[in-house]
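Trainee: Before anything else, here's the structure in question.
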Amino acid sequence: MRKIIIGSRKSNLAMIQTNWVIDRLKSLGLDYEFEIKEIVTKGDKILDVTLSKVGGKGLFVKEIEKAMYDGEIDIAVHSMKDLPAVIAEGLMIGAVPEREDPRDAFISNSGQALKDLPAGSVVGTSSLRRSAQVLAKRPDLKIQWIRGNIETRLRKCREEGFDAIILAAAGIKRAGWKDEIISEFLDPKTCLPAVGQGALGIECREDDKEIVDLLSKINNKDTERTVAAERSFLHTVEGGCQVPIAGYATLLDDGKISLTALIASPDGQTVFRETIVGDDPVSIGKEVAEKMLMQGAKEVLDQVKEELDL
Ligand SMILES: NCc1[nH]cc(CCC(=O)O)c1CC(=O)O
């Protein structure tokens, strides 16, 4: 019997996600044993600067990928939205299970919705994507950077002068918090989710056929296709840095994919938003990206990268 070793960051959410995947794999009833190996990443160590300044995506994955190359672990469970658009050579996403709620959750101390918050209220987030979209709707609010895991942010929200914070609904739900702590589920029209938000990406070595085969059994085709469209958009526009970019795709009744993409300036004053419908995820992602870049989103992105010194 093969023992499969799964690498995980030690945060509460990472462990919950890893255990969720292990349960899914165990329920297949195959003869495997599973063990979790904790891995500390650079993103877990750096807590004092905004993520966008220290390299954004990839920060949570490098050490995990090294452990995979070294054969220390066989599988790694990632939040899809933390994965860079390009997966490291020799590794692959073996499964994208069914997506959790992709929306952002607005949590205010008063219980008020985003539109009802008094002018000058302080909203905590460390995501340029969220802050740009909040400021686009409510330029009268103040954004204050906040870091830490879900529990830390919820505590800081109450204790450190914030009026509200924004977190991914998926993380809150997976971590076992009740919907009642959420003041408002932000509609994708108000705050378009991050590429891959709410989905997990399960990484493995390409040449480990046994694991590739095993993971394919917990893949969800619909989630895989929609997330692939979002990631194709990300891949075409980005080049590895943290900018106010959002992408969210859904499946239509006729089987086509509808992909909405957004690129904004950090102050929310300039927003490019496009929806495109098609069959092939990779082509529509590329197409929507090229369209937006041509319409002027390229200048916005270049400006952001310059300001962040990327
Ligand atoms: N960048 C942090 C991160 N990466 C994945 C999640 C959880 C939700 C998900 O799977 O998208 C979160 C927390 C958050 O954004 O509130």
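Trainee: Whether any residue in the stretch 213-230 is in contact with a Leu (Cβ under 7 Å, 6 or more places away or on another chain), open to solvent by 10 Å² or more (accessible area, probe 1.4 Å) and under 20 Å from GLU89 (Cβ atoms) is what I want to check.
Mentor: no
Trainee: Would you please list the contacts, defined by Cβ atoms under 7 Å and residues six or more apart or on different chains, that run from a residue in the stretch 288-310 that is outside any helix (DSSP H, G or I) to a residue that is surrounded by 15 or more Cβ atoms within 10 Å (Cβ to Cβ)?
Mentor: LEU310/CYS241
Trainee: Going by the structure shown, is GLU290 at pLDDT 95 or above and either surrounded by 18 or more Cβ atoms within 10 Å (Cβ to Cβ) or under 22 Å from VAL86 (Cβ atoms) (or both)?
Mentor: Numbers: at pLDDT 95 or above: yes; either surrounded by 18 or more Cβ atoms within 10 Å (Cβ to Cβ) or under 22 Å from VAL86 (Cβ atoms) (or both): yes.
Spelling it out, GLU290 is indeed at pLDDT 95 or above and either surrounded by 18 or more Cβ atoms within 10 Å (Cβ to Cβ) or under 22 Å from VAL86 (Cβ atoms) (or both).
Trainee: Can you pull out every residue in the stretch 74-95 that is more than 10 Å from the ligand (Cβ to nearest atom) and part of a strand (DSSP E or B)?
Mentor: Residues satisfying the conditions are ILE75, ALA76, VAL77, LEU91, MET92, ILE93, GLY94, ALA95.
Trainee: With respect to GLU299, determine if the residue is farther than 28 Å from PHE60 by Cα, modelled with pLDDT under 95 and not β-branched (Val, Ile, Thr). Spell out the reasoning first.
Mentor: Working: farther than 28 Å from PHE60 by Cα: yes; modelled with pLDDT under 95: yes; not β-branched (Val, Ile, Thr): yes.
When the stated conditions are applied, GLU299 passes them.
Conditions tested, residue by residue: (1) among the hydroxyl-bearing types (Ser, Thr, Tyr); (2) within 25 Å of MET68 (Cα to Cα); (3) outside any strand (DSSP E or B); (4) touching a residue at least 40 places away in the same chain (Cβ under 8 Å).
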{"site": "GLN197", "(1), (2), (3), (4)": "no, yes, yes, yes"}
{"site": "ILE202", "(1), (2), (3), (4)": "no, yes, no, yes"}
{"site": "ILE211", "(1), (2), (3), (4)": "no, yes, yes, yes"}
{"site": "THR223", "(1), (2), (3), (4)": "yes, yes, yes, yes"}
{"site": "THR226", "(1), (2), (3), (4)": "yes, no, yes, yes"}
{"site": "SER232", "(1), (2), (3), (4)": "yes, yes, yes, yes"}
{"site": "VAL243", "(1), (2), (3), (4)": "no, no, yes, yes"}
{"site": "THR250", "(1), (2), (3), (4)": "yes, no, no, no"}
{"site": "GLN269", "(1), (2), (3), (4)": "no, no, yes, yes"}
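Trainee: So which residues in the stretch 185-194 are within 18 Å of GLY285 (Cα to Cα), crowded, with 24+ Cβ neighbours inside 10 Å and more than 10 Å from the ligand (Cβ to nearest atom)?
Mentor: Scanning the stretch 185-194 gives a single hit, LEU192.
Trainee: Right, something else. Can you name the strands (runs of 3 or more DSSP E) wholly within the stretch 96-184 that have at least 1 residues being open to solvent by less than 20 Å² (accessible area, probe 1.4 Å) and of a type in the set (Phe, Trp, Tyr)?
Mentor: In the stretch 96-184, the matching strands (runs of 3 or more DSSP E) lie at 104-108.
Trainee: Taking GLN242, is it polar (S, T, N, Q), within 15 Å of the ligand (Cβ to nearest atom) and modelled with pLDDT of 95 or more?
Mentor: no
Trainee: Tell me the residue from ARG153, ARG174, ARG129 that is within 21 Å of THR260 (Cα to Cα), within 16 Å of the ligand (Cβ to nearest atom) and under 21 Å from the mean Cα position of the chain (by Cα), please.
Mentor: ARG129
Trainee: Could you tell me which numbered condition ILE263 fails, if it satisfies all but one of (1) part of a helix (DSSP H, G or I); (2) touching a Phe, Trp or Tyr at 6+ places or on another chain (Cβ under 6 Å)?
Mentor: ILE263 satisfies all of (1) part of a helix (DSSP H, G or I); (2) touching a Phe, Trp or Tyr at 6+ places or on another chain (Cβ under 6 Å) except (1).
The values are calculated or read from the model by the stated rules, or taken from the named source; none is laboratory data. On a predicted model such as this, the values are computed, not experimentally measured, just so you know. Every residue, glycine among them, receives a Cβ derived from its backbone with ideal geometry; neighbour counts consider all protein chains shown. Calculation scope for accessible area: heavy atoms of the full protein, side chains included, ligands and nucleic acids excluded. Shrake-Rupley method; radii C 1.70, N 1.55, O 1.52, S 1.80 Å.
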